[in-house]
Amino acid sequence: MNTPLSLLPEISVVIPAYNEGEGVDRALATIAGILQTVSAAWEILVIDDGSRDNTYARVCRYAQTESRVRGVSFSRNFGKEAALLAGLKYSRGRAVVAIDADLQHPPELIPDMIAKWREGAKIVHAVKRSRKTDSVGKRLAALAVNQIISRMGGINIHNSSDYKLLDREIVDILVGQLPERERFFRGLSSWIGFNEEYIEFDVSNRIENESKWSFWSLVELSITALTSFTSVPLRIVTFLGLLTLVLGFAVASEALWSWYHGQAVSGFATIIITLLLIGSFIMISLGIIGEYIAKIYEEIKARPPYLVKSTVGIADEKLA
């Protein structure tokens with residue numbers, strides 16, 4: 001049964017959460033307090049991404065005293081991209097804000113984002129002005145990845161984040177018209193187009209000291225982002241093949257020149273280096289092709305991006 005439009009919230013806030021039991025109460029109270037100042041009709045939707053702590057239990061306890069807080073719990077950890085997709089699917093607001101549970105995305109920006117949306121913006125991106133909480137290595141890695149994806153993929157994700165406001169029209173497109181399972185939320189949001197606005201922010205300190213993102217999680221997200229928006233890496237394989245051809249031609253020319261002048265064909269070291277280079281090019285090429293094949297494999301299996309174990313405040317909706 002469809003909910004009457006007059007009863008739907010104006011603003012939905014989606015919070016992916018993984019092992020955020022120590023800080024989720026503070027996040028909910030902070031965001032709820034801000035929403036009460038900007039809208040009379042709002043909801044907060046927490047997507048528990050298979051947490052191993054009491055994150056979901058705390059959300060359920062909070063929902064008992066605040067009916068506008070709703071929760072979805074996954075059967076296991078499916079990743080932040082799946083949690084964001086579920087949040088968009090279950091949200092009901094005419095505008096949806098995605099924000100992290102650790103409050104590194106400052107909730108104080110929500111009123112400004114809503115103001116830009118009410119002025120006509122379909123997407124409001126919160127972009128990082130500084131990364132003072134990140135290490136130098138992480139800053140350089142993020143800069144390199146963002147530049148590569150932006151240049152190769154034709155989308156602007158420079159200093160972008162998952163902290164965004166999306167109009168209902170954009171949410172419906174992301175959920176209903178983009179069926180891929182290997183998703184990169186911040187890239188898809190930029191790829192869609194429409195009327196976009198930007199707000200800068202400084203990354204706040206975490207409620208807890210430990211980040212839930214491991215190095216390999218960031219690497220996997222970067223690979224997904226790159227393979228989702230560009231086929232340029234596959235062209236690198238062609239370039240490496242041409243480079244190998246030129247290298248082989250040079251070595252063959254040197255050998256023929258030596259033979260023609262009656263000189264012993266030297267160059268044991270040259271042969272070894274050539275073989276190493278060719279072998280490296282082949283392995284790199286196979287690796288690049290393998291990444292794309294792996295993504296195709298994940299897509300054609302057509303498994304659901306997530307499985308819901310339980311919900312709170314969503315009794316009349318399907319589990320998907």
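The values are calculated or read from the model by the stated rules, or taken from the named source; none is laboratory data. In this text, all values refer to a predicted model and were calculated from it rather than measured experimentally. Backbone-built Cβ (ideal geometry, glycine too); neighbour counts: all protein chains shown.
Inspect the range 120-131 for any residue being β-branched (Val, Ile, Thr) and at pLDDT 90 or above and give the result as yes or no.
Taking the range 120-131 as the starting set, the residues that turn out to be β-branched (Val, Ile, Thr) are 123-124, 127.
Now narrow it down to the ones that are at pLDDT 90 or above: 123-124.
Scanning the range 120-131, I find at least one residue that is β-branched (Val, Ile, Thr) and at pLDDT 90 or above, so the answer is yes.
Among the residues of the range 39-54, write down those that are of a type outside the set (D, E, K, R) and more than 12 Å from GLY93 (Cβ to Cβ). Walk me through how you get there before you give the answer.
Within the range 39-54, the first condition is being of a type outside the set (D, E, K, R), and the residues that meet it are 39-42, 44-47, 50-51, 54.
ALA40, VAL46, ILE47, GLY50, SER51, ASN54, listed by residue number.
List the pairs whose first member sits in the range 270-282 and is in the same structural domain as SER258 (by TED's automatic domain parsing) and of a type in the set (Val, Ile, Thr), whose second member is in a helix (DSSP H, G or I) and modelled with pLDDT of 75 or more, and whose Cβ atoms are under 6 Å apart, counting only residues at least 6 apart or on separate chains?
ILE278/THR244
Can you find, within the range 292-313, the residue that is farthest from VAL232 (Cα to Cα) among those that are at pLDDT 80 or above, in contact with a helix residue (DSSP H, G or I) (Cβ under 7 Å, 6 or more places away or on another chain) and not small (Gly, Ala, Ser)?
Per the stated criteria, the residue is VAL312.
For the range 57-71, name all the residues that are within 14 Å of ILE314 (Cα to Cα) and either surrounded by 15 or more Cβ atoms within 10 Å (Cβ to Cβ) or under 26 Å from the mean Cα position of the chain (by Cα) (or both).
VAL59, CYS60, ALA63, ARG68, VAL69, ARG70, GLY71
Quick one: which of ASN54, ASN19 is among the polar types (S, T, N, Q), more than 25 Å from SER189 (Cβ to Cβ) and under 19 Å from the mean Cα position of the chain (by Cα)? Quick ask: steps written out before the conclusion?
Numbers: ASN54 fails: under 19 Å from the mean Cα position of the chain (by Cα).
None of the other options fit; the residue is ASN19.
Scan the range 187-209 and give yes if some residue there is modelled with pLDDT of 80 or more, in the same structural domain as ILE31 (by TED's automatic domain parsing), polar (S, T, N, Q) and assigned to a loop (DSSP other than H, G, I, E, B), otherwise no.
yes
Just one of the numbered conditions (1) modelled with pLDDT of 85 or more; (2) within 29 Å of THR55 (Cα to Cα) is not true of TRP117; which one?
Condition not satisfied by TRP117: (2).
For the structure I just gave you, tell me whether ILE148 is buried (at least 21 other Cβ atoms within 10 Å of the Cβ) and either outside any helix (DSSP H, G or I) or at pLDDT below 85 (or both).
Details: buried (at least 21 other Cβ atoms within 10 Å of the Cβ): no; either outside any helix (DSSP H, G or I) or at pLDDT below 85 (or both): yes.
So ILE148 fails the test.
Only one residue in ARG26, ARG68 is among the basic types (Lys, Arg) and over 20 Å from VAL96 (Cα atoms). Which one?
Numbers: ARG68 fails: over 20 Å from VAL96 (Cα atoms).
When all the criteria are applied, what remains is ARG26.
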